[in-house]
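Comments concern the structure below.
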Amino acid sequence: MAPSLSLASQFVYILSLLPLVTAAPIEEVLAPRNEQQSFSVSQVPNPRWKGIDGAGPAALLRTFYKYHAQPPAAARKAVENGTGTVTASPYPAEYDREYLSPVSLGTPAQILDLDFDTGSSDLWVFSSALPKSQTGGQTLYSPGNSSTSSVLENHTWSIRYGDGSGSSGTVVNELVTIGGISARRQALEIATQVSGSFTQDAASDGLLGLAFNSINTVRPTPQKTWFDNVQSSLAAPLFTVNLKKAAVGLYTFGAIDSKAHTGSIAYAPVNTKNGFWQFPLTGYAVGTGKFSNSSIDVIADTGTTLLMLPTNVVDAYYKGVKGAYYDTEYGAMVFPCTAKMPDFIFGLGSYRGSVPGSFISYGQINTSTCYGGLQSSEGLPFGILGDILLKAQEGNDGTWSTFEIGLGKP
Ligand SMILES: C[C@@H](SC(=N)N)c1ccc(Cl)cc1
């Protein structure tokens, strides 16, 4: 969405995805849209819901993308309607550290698996221009093998991410297609240097930024994101993100699938001043504790694994975790892996979402100690709603519904 639009035109919204057929009663609390209120919905997991992982649109698309085959006509038909869908596969499966999606580059198509990142705005790929010592099994994009690639002369880029990783290089204009939706002259940033953590991550062939153009690092002229370039070809200037724990999720561009969710949608106005999908949470609760009303500025960030919130919120959460402490060696909250983890409840307008406590036990640092999926955002101008929250599911007893976050102008 072009950042020049007024703040009021950008929204983040949470769609509560319930099964296509649900016996769950939906109680809606609606507020007049024009007051930019959030619509809220309370939902009850449907006892008959068995989930679609392994089947449904994600698996269908994944199969076709896996063999670089054309999805069936019905999936292609969506494209004619200005919508496109692509899978989001977690890696490594047991940690959901990142989610990778197939992207078609150039002519003939070179398919790379990219980490879609709503927390940055550069589209960069591993390339044949990298020193071999900086590659580690990734698929390399080769501009010389594409008839639609043209050098963007005298332009370079260089990016540093929050975890200290980074990359840099040169730029071409190229045909970039996601879920059948194409940007014909997309600025594609060719890596000629990457940091060690990218070299060691064989699964990711690069990143695709979905934040706002204002933080693109190409110089002397910053370039537009793929989403900004394709917007005029979309049925609606938005995309939705449905990440899942240890299962294949979806990015959908151009539409909110009304068949895939029931109940109303919660909205929040986006502040684009920092170039991110930034908006206020309206409070939080720990487990079954009292909801604390407080405005907490956050960004929706698919490119960050964890959930990062102000220290007072993090302290309130871990106060409920027996044996939790701040480990100075890791610079993070840790706790006994046997601890009972309370759910984390967040407010978006009057909507209340929950992150299962089990999601906040992120991984073991030794045989008995686990690392927190919720950490402090101390020093940042905002909290970060990373994958731990975005993949949240409710009713983890085999029946569940998921959150889908929408970004753009509904
Ligand atoms: C905005 C993200 S980085 C990204 N998603 N590309 C971020 C910034 C700073 C810290 Cl400390 C951690 C994460």
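The values are calculated or read from the model by the stated rules, or taken from the named source; none is laboratory data. Computed from a predicted structure; not experimentally measured. FYI the Cβ positions are ideal-geometry reconstructions off the backbone, even for glycines, and counts take in every protein chain you see. All accessible areas refer to the heavy atoms of the entire protein, side chains included, with ligands and DNA or RNA removed. Shrake-Rupley method; radii C 1.70, N 1.55, O 1.52, S 1.80 Å.
How about the stretch 190-240: which of its residues are part of a strand (DSSP E or B), touching a Ser or Thr at 6+ places or on another chain (Cβ under 6 Å) and under 21 Å from Ile384 (Cα atoms)?
Matches in the stretch 190-240: Gly209, Thr240.
Scan (1) open to solvent by less than 20 Å² (accessible area, probe 1.4 Å); (2) closer than 28 Å to Tyr95 by Cα; (3) within 16 Å of the ligand (Cβ to nearest atom) for the single condition Asn242 breaks and write down its number.
Condition not satisfied by Asn242: (3).
If a residue has to be in a loop (DSSP other than H, G, I, E, B), more than 16 Å from the ligand (Cβ to nearest atom) and either of a type in the set (D, E, K, R) or at pLDDT below 95 (or both) to count, how many in the stretch 290-327 make the cut?
Looking only at that region, the number is 4.
Is one or more of the residues making up the stretch 255-273 within 16 Å of the ligand (Cβ to nearest atom), in a helix (DSSP H, G or I) and open to solvent by less than 40 Å² (accessible area, probe 1.4 Å)?
Within the stretch 255-273, not a single residue is within 16 Å of the ligand (Cβ to nearest atom), in a helix (DSSP H, G or I) and open to solvent by less than 40 Å² (accessible area, probe 1.4 Å).
Is it fair to say Ser204 is more than 19 Å from the chain's Cα centre (by Cα) and under 20 Å from Pro92 (Cα atoms)?
No, not satisfied.
Quick test for you: out of Ser142, Ser168, Ser146, Ser150, pick the one residue that is open to solvent by 10 Å² or more (accessible area, probe 1.4 Å), at pLDDT 95 or above, over 22 Å from the mean Cα position of the chain (by Cα) and within 16 Å of the ligand (Cβ to nearest atom).
On inspection, the qualifying residue turns out to be Ser168.
In this structure, does Leu309 turn out to be buried (at least 23 other Cβ atoms within 10 Å of the Cβ), aliphatic (A, V, I, L, M) and touching a residue at least 40 places away in the same chain (Cβ under 8 Å)?
Yes.
Can you tell me which residue within the stretch 96-127, out of those that are open to solvent by 10 Å² or more (accessible area, probe 1.4 Å) and of a type in the set (S, T, N, Q), is farthest from the ligand (Cβ to nearest atom)?
Thr107
Could we say that Asn229 is surrounded by fewer than 24 Cβ atoms within 10 Å (Cβ to Cβ) and within 16 Å of the ligand (Cβ to nearest atom) here?
The answer is no for Asn229.
So Tyr330 ticks every box in (1) within 16 Å of the ligand (Cβ to nearest atom); (2) buried (at least 17 other Cβ atoms within 10 Å of the Cβ) but one. Which box is left unticked?
Every listed condition holds for Tyr330 apart from (2).
Any chance the stretch 176-190 includes a residue that's open to solvent by less than 10 Å² (accessible area, probe 1.4 Å) and within 16 Å of the ligand (Cβ to nearest atom)?
Among the residues of the stretch 176-190, at least one is open to solvent by less than 10 Å² (accessible area, probe 1.4 Å) and within 16 Å of the ligand (Cβ to nearest atom), which makes the answer yes.
Ala183 - would you say it is in contact with a strand residue (DSSP E or B) (Cβ under 7 Å, 6 or more places away or on another chain) and farther than 11 Å from Trp124 by Cβ?
yes
What single numbered condition from (1) within 26 Å of Phe253 (Cα to Cα); (2) assigned to a strand (DSSP E or B); (3) of a type outside the set (A, V, I, L, M) fails to hold for Ser121?
For Ser121, the exception is condition (2).
Conditions tested, residue by residue: (1) within 19 Å of the chain's Cα centre (by Cα); (2) in a strand (DSSP E or B); (3) on the phi < 0 side of the Ramachandran plot; (4) at pLDDT 95 or above.
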| site | (1), (2), (3), (4) |
| --- | --- |
| Glu329 | no, no, yes, yes |
| Val334 | no, yes, yes, yes |
| Gly353 | yes, yes, yes, no |
| Glu378 | no, no, yes, yes |
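Across the stretch 228-258, what is the total count of residues that are aromatic (Phe, Trp, Tyr) and out of contact with any helix residue (DSSP H, G or I) (no Cβ under 9 Å at 6 or more places or on another chain)?
1
Among the candidates Tyr95, Tyr141, Tyr99, single out the residue that is more than 30 Å from Thr272 (Cβ to Cβ) and hydroxyl-bearing (Ser, Thr, Tyr).
From the options Tyr95, Tyr141, Tyr99, the qualifying one is Tyr95.
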